[in-house]
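Here's the structure, in structure tokens; my notes come after.
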Amino acid sequence: MSATTPGVSPDVSSDASSDASGERFLRGSSPLQRLLTRPELGSLVGAIAVFCCFALAADGFLRASSLGTVLYASSTIGIMAVPVALLMIGGEFDLSAGVLVTSSALVSSMFSYQMTANVWVGVGVSLLVTLAVGAFNGIVLARTRLPSFIVTLGTFLMLTGLNLGLTKLISGTVSTRTVADMEGFTTARALFASTLTVGGTHIKVTVLWWLALVALGSWILLRTRAGNWIFAVGGNENAARAVGVPVARTKTALYMGVALGAWICGQHLLFSYDVVQSGEGVGNELIYIIAAVIGGCLITGGHGSAVGAAVGALLFGMTSKGIVFAEWNPDWFKFFLGAMLLLATLLNTWVRRRAEASK
């Protein structure tokens, strides 16, 4: 694959994305060099190690039902980890992603219930509102040039307050009313929260959403001009802007991509449990970022992949459920999560330096 950005002058790929070529390889590279420069290599090695560990330590880990549980836990993280990874490749991150999932579910539930409408109307309104929040983050970031930490922290606090305040104001409690008896609930649940049986294994539909987003994210990064723009703005924003890359538009689209993932997760949350607790989602944004970093994304931007974020989410799911199947003390979970984060980051950094030195 050519390392030159299509539709943009060669200066972008040489200046703006020379450090962002985790998904793009020079034509003359050897197969070993290509393998070593894959951003998801570290997380893949870690995932294999964790899988083998729990396969030996937990008798029930390899059962079909257990693997279905692991995939479900991974998919609920992976749906968000993929767009968060694309955003991080573009040089930004989003602290409001966790509570935005809850906001999406609350809007869908309360609009449908209060307007006595078909639940699909609430689903549609929720999509528009959620995308608007994503666009708000991107536009404020572009107009003010403030760090994404400040912008999205502000959005996080505002959404946290709105989720609780509006839910109490409208329903009188901290949770929404049930929408299980409303028109359209059955079809909406089939799309967002159904369970499929594949070879005797029960697979949640979120796994299909997850795989679809991984495929879409990989296609965008590897096969489109927008993918080149993402790597360029994450590698060197000023150089990318100088040669005509629409930096503001690209980053706004990335924030809207995170919002789309939040909408999917929010609808799954609503149609799985019929009601939504307004205080949910706080802290989940760190899990999404951790999965993306374990998958090979750099905090500084310009490097990573959608597949790596998916592997990071899978690693997270295996660890969270494997500890239960192995009957270990769950208090150790965050210790293992932190250790995986450090080890994956160190391995990715070491492999990348070795690959660059061998060129």
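The values are calculated or read from the model by the stated rules, or taken from the named source; none is laboratory data. In this text the structure is predicted, and so the values were computed from the model without any measurement. Ideal geometry is used to build each Cβ from the backbone, glycine not excepted, and the neighbour counts take in all protein chains shown. Note: areas computed on protein heavy atoms with side chains; ligands, DNA, RNA excluded. Shrake-Rupley method; radii C 1.70, N 1.55, O 1.52, S 1.80 Å.
Tell me which residues, restricted to segment 150-180, are of a type in the set (A, V, I, L, M, F, W, C), within 19 Å of Ala117 (Cα to Cα) and open to solvent by less than 40 Å² (accessible area, probe 1.4 Å). Result: Val179, single match.
Of all the listed residues (Ser305, Ser278), the sole one being among the small types (Gly, Ala, Ser), crowded, with 22+ Cβ neighbours inside 10 Å, in contact with a strand residue (DSSP E or B) (Cβ under 8 Å, 6 or more places away or on another chain) and modelled with pLDDT under 95 is Ser278.
Among residues of segment 59-72 that are aliphatic (A, V, I, L, M), those with a beta-carbon under 6 Å from a residue that is assigned to a helix (DSSP H, G or I) at least six positions away or on a different chain give the pairs Leu62/Ala55; Val70/Gly317; Val70/Met318; Val70/Lys321; Leu71/Val207.
From the list Glu183, Glu92, the one residue that fits, being over 26 Å from Trp229 (Cα atoms) and either open to solvent by less than 10 Å² (accessible area, probe 1.4 Å) or not in a helix (DSSP H, G or I) (or both), is Glu183.
Table: residues versus (1) more than 30 Å from Gly68 (Cβ to Cβ); (2) β-branched (Val, Ile, Thr); (3) open to solvent by 60 Å² or more (accessible area, probe 1.4 Å).
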residue	(1), (2), (3)
Leu208	no, no, yes
Ile220	no, yes, no
Gly227	yes, no, no
Ile230	yes, yes, no
Val243	yes, yes, no
Thr250	yes, yes, no
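Counting only helices (runs of 4 or more DSSP H) that sit wholly inside segment 187-282, those with at least 1 residues that are in contact with a Lys or Arg (Cβ under 7 Å, 6 or more places away or on another chain) are 225-235, 247-273. Quick check on segment 115-149: of everything there that is open to solvent by 80 Å² or more (accessible area, probe 1.4 Å) and under 20 Å from the mean Cα position of the chain (by Cα), which residue is farthest from Gln267 (Cα to Cα)? Looking at residues that are open to solvent by 80 Å² or more (accessible area, probe 1.4 Å) and under 20 Å from the mean Cα position of the chain (by Cα), I get Phe149.
Contact map, segment 306-330: first residue basic (Lys, Arg), second residue not in a loop (DSSP other than H, G, I, E, B), Cβ cut-off under 6 Å, separation 6 or more or different chains; pairs are Lys321/Thr69; Lys321/Val70; Lys321/Ala73.
So, of the residues in segment 281-302 that are of a type in the set (A, V, I, L, M), in contact with a Ser or Thr (Cβ under 8 Å, 6 or more places away or on another chain) and open to solvent by 10 Å² or more (accessible area, probe 1.4 Å), which turns out to be nearest to Leu153 (Cα to Cα)? Ranking the candidates gives Val282 first. Met115 meets all of the listed conditions (1) at pLDDT 90 or above; (2) over 15 Å from Gly317 (Cα atoms); (3) not small (Gly, Ala, Ser) but one, namely (1).
Rundown of residues vs (1) at pLDDT below 95; (2) touching a His at 6+ places or on another chain (Cβ under 8 Å); (3) not hydrophobic (A, V, I, L, M, F, W, C); (4) not in a helix (DSSP H, G or I), yes/no style:
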{"position": "Ser66", "(1), (2), (3), (4)": "yes, no, yes, no"}
{"position": "Val70", "(1), (2), (3), (4)": "yes, no, no, no"}
{"position": "Gly78", "(1), (2), (3), (4)": "no, no, yes, no"}
{"position": "Leu86", "(1), (2), (3), (4)": "no, no, no, no"}
{"position": "Ser104", "(1), (2), (3), (4)": "no, no, yes, no"}
{"position": "Thr130", "(1), (2), (3), (4)": "no, no, yes, no"}
{"position": "Phe136", "(1), (2), (3), (4)": "no, no, no, no"}
{"position": "Thr155", "(1), (2), (3), (4)": "no, no, yes, no"}
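Name the single residue, out of those in segment 122-146 being without any contact (Cβ under 8 Å) to a residue 24 or more places away in the chain and β-branched (Val, Ile, Thr), that is nearest to Arg177 (Cα to Cα). Applying the filter and picking the extreme gives Val125. Residues in segment 38-76 that are open to solvent by less than 20 Å² (accessible area, probe 1.4 Å) and of a type in the set (A, V, I, L, M): Ala47, Ala58, Val70, Ala73. The residues of segment 192-204 that are surrounded by 13 or more Cβ atoms within 10 Å (Cβ to Cβ) and touching a residue at least 24 places away in the same chain (Cβ under 8 Å), listed by number, are Phe192, Ala193, Thr201, His202, Ile203, Lys204.
Filter segment 68-89 down to the residues that are touching a Phe, Trp or Tyr at 6+ places or on another chain (Cβ under 8 Å) and not β-branched (Val, Ile, Thr), then identify the one that is farthest from Arg249 (Cα to Cα). Looking at the filtered set, the residue picked out is Ala73.
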